[in-house]
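Student: Have a look at the structure that comes next, please.
The values are calculated or read from the model by the stated rules, or taken from the named source; none is laboratory data. Keep in mind that this is a model prediction, so the values were computed, not measured. Counting neighbours? That spans all protein chains shown, and the Cβs are built from the backbone with ideal geometry, glycine included. Only protein heavy atoms, including side chains, enter the accessible area calculation; ligands, DNA and RNA are left aside. Shrake-Rupley method; radii C 1.70, N 1.55, O 1.52, S 1.80 Å.
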Amino acid sequence: MKNKSCVYLVGTGPGDPDLLTVKALRLIKQADVIVYDRLVSGSILELIPAGSSRIFVGKATDHHTLPQDEINALLVKMAHKARTIIRLKGGDPLVFGRGSEEATYLARHNIDFEIVPGVTAATAATTYAGIPMTHRGLATGVQIITGHSRNNLDLQHDWQKLANEDTTLVVYMGLANIHYITRKLMEAGLPAETPAAAIQDGATPRQRRLIATLADLAEQTERQAFRPPVLFVLGKVVALAEQMDWYQPRQVSPVAEEKYHVS
């Protein structure tokens, strides 16, 4: 721990405290101020010491408690008041977590910071759903994209590049655009029968998993009323999901459910 003020950008993973890194847990327990996102689970918030200040800055689609520029300014303000500021983020701070925006803002304002990686949904949710991101003979690489664009504009992806049968495509934040995404991929040449999966609340007791094909993924996700957070996985590796289905989400009580509540 540094003697002067420092902002720690800490990934908390998918919500299960057992998946926190040792460093993340140590910092949480030593924090003067905790600034946390919507996707930080109640189970992890319970680990915060009673004497630490908590500031919620959660964001959902089209609804921000604080805009990102105000969050950036808040971190600088807190750094001038407290010694140890922990910025908790679901998943990993640098994988669609806007951690790099906060880090560069802190750097421009001469604020010391450290970044603590977390288990991102691309690895946590797929693992708990029994889907490897790579597998010999099925996938030689992984492409990770966002399914959501700023100001709800059309997604500006190279669909021809993404429609690669030899790689696994992982889509974050794509629920609202999944009809558009699957249509564009098929138009770009990805076969309609490509195995596909939707994973809601991955690696938590509330996990739901849907196995489909690229052609019917959007319809099935809509029919089964999936809701955020949802991760989509497209590629041949999804065909292994039934064989590798090791995780059985347990039935949870209302109290336990609240610990993982992220909305």
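Student: Need pairs with beta-carbon distance below 6 Å; first residue assigned to a loop (DSSP other than H, G, I, E, B) and within the range 165-191, second among the aliphatic types (A, V, I, L, M); sequence gap 6+ or separate chains.
Tutor: So the pair list comes out as GLY174/ILE181; ALA188/ALA163; GLY189/ALA163; LEU190/ALA163.
Student: Let me confirm something: among GLY90, GLY99, which residue is in contact with a Ser or Thr (Cβ under 9 Å, 6 or more places away or on another chain), crowded, with 18+ Cβ neighbours inside 10 Å, in contact (Cβ under 8 Å) with a residue 40 or more places away in the chain and not polar (S, T, N, Q)?
Tutor: When all the criteria are applied, what remains is GLY90.
Student: Still on this structure, please answer the following. Quick check: is even one residue across the range 72-82 part of a loop (DSSP other than H, G, I, E, B) and either modelled with pLDDT of 95 or more or open to solvent by 40 Å² or more (accessible area, probe 1.4 Å) (or both)?
Tutor: Among the residues of the range 72-82, at least one is part of a loop (DSSP other than H, G, I, E, B) and either modelled with pLDDT of 95 or more or open to solvent by 40 Å² or more (accessible area, probe 1.4 Å) (or both), which makes the answer yes.
Student: Residues of the range 217-246 being in contact with a strand residue (DSSP E or B) (Cβ under 9 Å, 6 or more places away or on another chain), modelled with pLDDT of 95 or more and over 25 Å from GLU165 (Cα atoms), which ones?
Tutor: Passing the criteria: GLN224, PHE226, ARG227.
Student: Condition (residue is under 22 Å from the mean Cα position of the chain (by Cα) and either open to solvent by 30 Å² or more (accessible area, probe 1.4 Å) or of a type in the set (D, E, K, R) (or both)) applied to the range 156-164: is it met by at least one residue? Break it down stepwise before answering.
Tutor: Initially, the range 156-164 is screened for residues under 22 Å from the mean Cα position of the chain (by Cα), giving 156-157, 162.
Add one more test, that the residue is either open to solvent by 30 Å² or more (accessible area, probe 1.4 Å) or of a type in the set (D, E, K, R) (or both), and what stays is 156-157.
Yes - at least one qualifying residue is present in the range 156-164.
Student: Just for the range 103-118: of the residues that are open to solvent by 50 Å² or more (accessible area, probe 1.4 Å) and among the β-branched types (Val, Ile, Thr), which one is nearest to ILE28 (Cα to Cα)? Quick ask: steps written out before the conclusion?
Tutor: Going residue by residue through the range 103-118, those that are open to solvent by 50 Å² or more (accessible area, probe 1.4 Å) are 104, 107-110, 113-115, 117.
After this cut, where a residue has to be among the β-branched types (Val, Ile, Thr) as well, the list is 104, 115.
Values: THR104: 22, ILE115: 13 Å.
In this case the residue turns out to be ILE115.
Student: Restricting to the range 62-71, give me the number of residues that are open to solvent by less than 70 Å² (accessible area, probe 1.4 Å) and farther than 25 Å from LEU47 by Cβ.
Tutor: Counting residues in the range 62-71 that are open to solvent by less than 70 Å² (accessible area, probe 1.4 Å) and farther than 25 Å from LEU47 by Cβ gives 2.
Student: Checking the condition of a type in the set (Gly, Ala, Ser) and either touching a Cys at 6+ places or on another chain (Cβ under 9 Å) or buried (at least 16 other Cβ atoms within 10 Å of the Cβ) (or both), which residue from ALA192, ALA176, ALA225, ALA197 passes?
Tutor: Working: ALA192 fails: either touching a Cys at 6+ places or on another chain (Cβ under 9 Å) or buried (at least 16 other Cβ atoms within 10 Å of the Cβ) (or both); ALA176 fails: either touching a Cys at 6+ places or on another chain (Cβ under 9 Å) or buried (at least 16 other Cβ atoms within 10 Å of the Cβ) (or both); ALA225 fails: either touching a Cys at 6+ places or on another chain (Cβ under 9 Å) or buried (at least 16 other Cβ atoms within 10 Å of the Cβ) (or both).
From the options ALA192, ALA176, ALA225, ALA197, the qualifying one is ALA197.
Student: If a residue must be within 22 Å of THR127 (Cα to Cα), open to solvent by 40 Å² or more (accessible area, probe 1.4 Å) and among the charged types (D, E, K, R), how many such residues does the range 1-37 contain?
Tutor: Result for the range 1-37: 1.
Student: Please verify whether ARG150 is basic (Lys, Arg) and in contact (Cβ under 8 Å) with a residue 12 or more places away in the chain, treating the condition exactly as stated.
Tutor: Numbers: basic (Lys, Arg): yes; in contact (Cβ under 8 Å) with a residue 12 or more places away in the chain: no.
It is false that ARG150 is basic (Lys, Arg) and in contact (Cβ under 8 Å) with a residue 12 or more places away in the chain.
Student: Here is a further query. Could you tell me whether any residue of the range 38-50 is open to solvent by less than 20 Å² (accessible area, probe 1.4 Å), polar (S, T, N, Q) and either modelled with pLDDT of 95 or more or closer than 23 Å to LEU231 by Cα (or both)?
Tutor: For the range 38-50, residues open to solvent by less than 20 Å² (accessible area, probe 1.4 Å), polar (S, T, N, Q) and either modelled with pLDDT of 95 or more or closer than 23 Å to LEU231 by Cα (or both): present.
Student: Cβ-Cβ distance below 8 Å, separation of 6 or more or different chains: which pairs start in the range 229-250 with a residue that is basic (Lys, Arg) and end on one that is modelled with pLDDT of 95 or more?
Tutor: Close Cβ pairs satisfying both conditions: LYS236/HIS135; LYS236/LEU138; LYS236/ALA139; LYS236/GLU165; LYS236/THR168; LYS236/THR194; LYS236/PRO195.
Student: Does at least one position in the range 62-78 carry a residue that is farther than 27 Å from PRO228 by Cβ and of a type outside the set (A, V, I, L, M, F, W, C)?
Tutor: yes
Student: List the number of the failed condition for GLY118; all other conditions in (1) over 18 Å from LYS23 (Cβ atoms); (2) assigned to a loop (DSSP other than H, G, I, E, B) hold.
Tutor: Unmet for GLY118, out of (1) over 18 Å from LYS23 (Cβ atoms); (2) assigned to a loop (DSSP other than H, G, I, E, B): (1).
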